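**Q** This is the structure I want to talk about, given as structure tokens.
The values are calculated or read from the model by the stated rules, or taken from the named source; none is laboratory data. A quick note: this is a predicted structure, and the numbers were derived from the prediction, not measured. Cβ sites come from the backbone with ideal geometry, for glycine too, and all protein chains shown count toward neighbours. Protein only, heavy atoms only, side chains kept; ligands, DNA and RNA dropped before computing areas. Shrake-Rupley method; radii C 1.70, N 1.55, O 1.52, S 1.80 Å.
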Amino acid sequence: MLSVAMLETQVTIFKTTRTSGTGEDSSTGDDSAHDRLIGPLPREGSVGSTSDYVSQSYSYSSILNKSETGYVGLVNQAMTCYLNSLLQTLFMTPEFRNALYKWEFEESEEDPVTSIPYQLQRLFVLLQTSKKRAIETTDVTRSFGWDSSEAWQQHDVQELCRVMFDALEQKWKQTEQADLINELYQGKLKDYVRCLECGYEGWRIDTYLDIPLVIRPYGSSQAFASVEEALHAFIQPEILDGPNQYFCERCKKKCDARKGLRFLHFPYLLTLQLKRFDFDYTTMHRIKLNDRMTFPEELDMSTFIDVEDEKSPQTESCTDSGAENEGSCHSDQMSNDFSNDDGVDEGICLENNSGTEKISKPGLEKNSLIYELFSVMVHSGSAAGGHYYACIKSFSDDQWYSFNDQHVSRITQEDIKKTHGGSSGSRGYYSSAFASSTNAYMLIYRLKDPTRNAKFLEVDEYPEHIKNLVQRERELEEQEKRQREIERNTCKIKLFCLHPVKQVMMENKLEVHKDKTLKEAVEMAYKMMDLEEVIPVDCCRLVKYDEFHDYLERSYEGEEDTPMGLLLGGVKSTYMFDLLLETRKPDQVFQSYKPGEVMVKVHVVDLKAESVAAPVTVRAYLNQTVTEFKQLISKAIHLPAETMRIVLERSYNDLRLLTVPSKTLKAEGFFRSNKVFVESSETLDYQMAFTDSHLWKLLDRHANTIRLFVLLPEQSPGSYSKRTAYQKAGGDSGNVDDDCERVKGPVGNLKSVEAILEESTEKLKSLSLQQQQDGDNGDSSKSTETSDFENIESPLNERDSSTSVDNRELEQHLQTSDPENFQSEERSDSDVNNDRSTSSVDSDILSSSHSSDTLCNADNAQIPLANGLDTHSITSSRRTKANEGKKETWDTAEEDSGTDSEYDESGKSRGEIQYMYFKAEPYATDEGSGEGHKWLMVHVDKRITLAAFKQHLEPFVGVLSSHFKVFRVYASNQEFESVRLNETLSSFSEDNKITIRLGRALKKGEYRVKVYQLLVNEQEPCKFLLDAVFAKGMTVRQSKEELIPQLREQCGLELSIDRFRLRKKTWKNPGTVFLDYHIYEEDINISSNWEVFLEVLDGVEKMKSMSQLAVLSRRWRPSEMKLDPFQEVVLESSSVDELREKLCEISGIPLEDIEFAKGRGTFPCDISVLDIHQDLDWNPKVSTLNVWPLYICDDGAVIFYRDKTEELMELTDEQRNELMKKESSRLQKTGHRVTYSPRKEKALKIYLDGAPNKDLTQD
């Protein structure tokens, strides 16, 4: 069955299959999901979409609470006001509610969660018996198969009504309620065509559930004044003449005819939809018509029965009206499910419970078709969104109420009249735009028939299963009430506990009733923290704790039986403090914490061992003097107070020596929680200035040392030989103690690691010194060595990397020993770098003692770099030429690329700082890092630069620092390359993870570039090729020359330099074509992790100048329903005429017949062949391409074109469905939508099995 729809030309379309369309537009889409799916198929948009408006545009006469109205509201889930309005209307319909109560749910046959009638039963019972102000509808929407996202979808209330009625009919099959919807809401009408020459009439019976009434006739600026006037227009026949003549079967020719509708039967519950949503063809937008349309409280429908007696022998019935104009349509497949009424008599069929009674029109009494209004569903807002609420008259007391989501209030007839809509004065066609946006959208009338008008069932009249349901719901509501009462009396507070074995701070949320005692709360916290098998409960207690300052505020001695509500200061939503479950060993005693005390963590410093011990906690008062504080600490840690030095760390790296004995702790800057370092030795260090003392240096190192975990690259046999060659190339090893001050301490099993560090560092030093000496002797020969990644040429008068045989052997070995490994590592970076994000990691100050540490003072012993390689990525002559006549005001490349040379202008290492502490040792981890991978645990001063850090890692990696890269590992194992060599490790945090990957690191002025291949006619037009390195000052041609061998080796592409081009890449869109003479950073802006397209050319490059424009054209062939492959068109200007001429040349279409349109969205601008002919903006009225609506100002735009004389292929329904499936599959693979729509709306569907993701098949 269809809801009746009026065509724009006043020709009415009827279908005998009911759909859930709004009557505003026809629904289109794939019907493969019809099986257990009720609702319209996907379409471009739905009318009457809603969103929630908080306030009403008018006030009611009185606002009453639930106890006065007696009615319960419905909670709006988000945008479900349309659902609430319909549910309240159905609830206030006695015949529907009573019939729903008579239906009994069989739990053995169906899951109650997915049973729509059962959930409606529960909802109605709650609306009738609940004591709440409003109840939830989530159980009902869950039975629809909806998830939480559906609550945010905007839908139309008339659409929901149709969909829900269809779903109920499906659920009620083979039950007493199987025909309930038809009995209450279904009417019948005749769609007829009568020949005006012979009187022959062809007709068809159609059924309807609602009558859609237009607000304005098509093309008119004047709206119908009333519902009665709109109903008369609905049945007003039209004359088919001229080109619309009707072919008469009796006359055997086309004749003038009368086409129209006649109502045969009005339903018991009459639903009228006021079609307030329309489409403005001027603005091409959906609009809402707010014109005034009155509706009576009582509506006499007998005046709309056709009283003209036209029965004659010539009148015949048929299943189709036979009209040849566009108003004729055939029945759908589902027509047999609902109607087989071809031979129904023209009399009015009034159905009742006792049977079917046919009354002829002459004997029809007028008052038998009097309808009374009882529900007005109001829409407030626009066509883009709005809010629904319902005004409903109760049949119990004849009083009108407003059901507005949670709020139910009493209203008057004056409030109903305000929903008629309209405005003062006449403003022409757009008059409704200035009217009130709050007006009636759906009207529901009930036939006044004392024999059928029912009353609501009383409680004692309920069927037994409803009585049981009422009892269950009452018990559930009482249980919820008790639970809410418990919630209101429950204290919820953060709970912390330092695990006594793991020494890890655990966090949880303690929920304890306010009447529970402290002792009971301790037992709850003890179990919550899973300490049953660790320590006895007697060794635990709860104390007041400030997590932000890590401060124990107070303990609760002697208050074990005090209620928690009293201890915590009542039940609150949030507390300004936390609780800590403190633990002790069985032989220990808990310390008493008093309010007003401050907590001090005392770290003992051993100058001889150069260690900082774990903290010991003491409590002091702010009014204590430093002398008294020393005595307190002396008792706690058993150190002499006379020689004790106390250093307060007020903030990070802010150390203050407490030197005034009489000064109070408050004056010294103590707060709630404090950290001090104490040292009490008889050395002369205390006589030195504090900032020059050994103590200060040790504390400074302690504060700035972080622990890092470094994953070394896979150690293949080739890598091992590289490391051997690397170490041999440095010559004899010296002693690192000559350059660094060795810190005394036990070496243990770390001796071999330290030996490697000392030996390798000295070899690096020797290698660098030897290279410097050779460079000073005047050897200026250029290196011809190349790595796997880059041709590196050394400028004149700089250090040469080819001065020693050993070094040449090292470089050769680096090139040839394992090239595949190098390539795989380098290529893997493209995967690693894609879609990376960063996350912050909390930093903790290192508090453990160190052994076998190396503290190097850069002023006394510099560690020279030993890579022996030039830092320039292009030749000095190229760089000089690129910078000729150009004044550098700032180094754009360095800022953008985030890279720096490992050397400054004077040749000194940028890694030099005052203190460079570095200690590395092997580390065993449970993480599966793969065979051949090794971990290092590194303690390092975070003030050293990345360059110096890489130099320290060289012995462990086995290659020079310029030939490996450092990747920082963030949350979810995401990695990002660290490339700023002159920046320190200050951004690294304690226990950060680092991955080392082989590959040449970037130098100053260099950029890592991702190269993708552009394949315009492939299904996936964007294909990653490799990572390359471009340099500032390099021309596009030079970068192409360097790409050719890499493309050959890594991608198997054999290309000549003139047969491919580079072009800008923006997301997946191709952009500006880079010409060979363009220079990076001068003509082309470049940045770190830049992306570029490589496009293989079919012929000679046509782009020679920046004034040219390259667009991608694609021909649309409507007669074949297909698109041709892309062809590039190069224009000399932005002229539309030139574009037409070029398209004419490549296609052969006459110039005057060419139409074109710009593609939409991301390249390749895919669009369904079913939509392209009408959806694109064809043949824009412009003379140049760079103006609205084209805005084609850069290369890479997509242009579709066609021959306007070519007719569109006529498709059968079967062909269209098949093509739609193919296009849907094709566009889903490419990530594009089947139909372009500016509004993303979701079709309203109800899933009868509650499973929207299941594969649905036809019934």
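**Q** Could you sort His285, His603 by accessible area so the largest value comes first, with the probe set to 1.4 Å?
**A** Final ranking, largest accessible area leading: His285, His603.
**Q** For the cross-link pairs Lys1068/Lys1142; Lys635/Lys697; Lys253/Lys1222, which exceed 31 Å when the distance is taken from alpha carbon to alpha carbon?
**A** Lys253/Lys1222
**Q** Kindly list the residues of the range 383-420 that lie in the label zone of Arg133, defined by a backbone N under 16 Å from the point 7 Å along the Cα-to-C-beta vector.
**A** 403-410
**Q** Another question about this same structure. Ignoring ligands, DNA and RNA, how do Tyr686, Tyr1201 rank by accessible area with a 1.4 Å probe, largest first?
**A** In descending accessible area the options line up as Tyr686, Tyr1201.
**Q** Give the Rg/Rh ratio for the range 79-173, taking Rg as the radius of gyration of the Cα atoms and Rh as the Kirkwood radius, to two decimals.
**A** My calculation puts Rg/Rh at 0.93.
**Q** Given a cut-off of under 8 Å on Cα pairs at least six residues apart, what relative contact order in percent is computed for the range 185-254?
**A** So the answer I get is 24 percent.
**Q** On a full-extension model of 0.36 nm per residue, what is the gain between Ser1225 and Ser1105, subtracting their alpha-carbon distance, rounded to one decimal in nm?
**A** 39.1 nm is the gain from fully extending Ser1225 to Ser1105.
**Q** If you don't mind, there's one more thing I want to ask. Counting C-alpha atoms alone, how compact is the range 1079-1229: give Rg to one decimal and Dmax as a whole number, in angstrom.
**A** Rg and Dmax of the range 1079-1229, Cα atoms, are 17.5, 59 Å.
**Q** Can you give the accessible area of Arg262, probe radius 1.4 Å, in Å² rounded to 10?
**A** Per-residue accessible area (Arg262): approximately 10 Å².
**Q** Taking 7 Å along the Cα-to-C-beta vector as the label spot, tell me the Glu464-Asp1213 distance in nanometres, rounded to one decimal.
**A** Label at Glu464, label at Asp1213, 4.9 nm between them.
**Q** Along each of its three principal axes, how wide is the spread of alpha-carbon positions in the range 1108-1177, in whole angstrom units, largest first?
**A** So the extents along the principal axes, rounded to whole Å, are 33, 28, 20.
**Q** Rounded to two decimal places and with Rh computed the Kirkwood way over Cα pairs, what is Rg over Rh for the range 229-298?
**A** Ratio value, two decimals: 1.11.
**Q** Using the Kirkwood formula on the Cα atoms of the range 134-242, what hydrodynamic radius do you get, in angstrom to one decimal?
**A** Hydrodynamic radius (Kirkwood, Cα only) of the range 134-242 equals 18.3 Å.
**Q** Relative contact order of the range 198-311, please, whole-number percent, based on alpha carbon pairs below 8 angstrom and at least 6 residues apart.
**A** 30 percent
**Q** Still on this structure: Using only Cα atoms, figure out Rg for the range 948-1039 and give it as a multiple of 2.2 N^0.38 Å.
**A** Its radius of gyration relative to the 2.2 N^0.38 Å reference: 1.35.
**Q** Tell me, in nm to one decimal, what length is gained between Asp1249 and Leu476 on full extension, where the rule is 0.36 nm per residue of separation less the Cα-Cα distance?
**A** Length difference between fully extended and current span is 275.7 nm.
**Q** Could you order His694, His420 so the one with the most accessible surface comes first? Probe is 1.4 Å.
**A** His694, His420
**Q** Which value, in Å² and to the nearest 10, is the accessible area of Ser437 when all protein chains are kept and the probe is 1.4 Å?
**A** Near enough 40 Å² of accessible area.
**Q** Using protein chains only and a probe of 1.4 angstrom, how many square angstrom of Met505 are accessible, to the nearest 10?
**A** Roll a 1.4 Å probe over it and Met505 shows about 90 Å².
**Q** Taking 8 Å as the Cα distance limit and 6 or more residues as the minimum spacing, I'd like the relative contact order of the range 516-668 as a percentage.
**A** Contact order relative to length: 17 percent.
**Q** Using only the alpha-carbon atoms of the range 985-1034, report the extent along each of the three principal axes, biggest first, to the nearest angstrom.
**A** Computed over the range 985-1034, the largest-to-smallest principal extents equal 50, 31, 19 Å.
**Q** Multiply the residue gap between Tyr621 and Val1130 by 0.36 nm, knock off their C-alpha separation, and tell me the result in nm, one decimal place.
**A** Extending this stretch completely gives an extra 174.9 nm.
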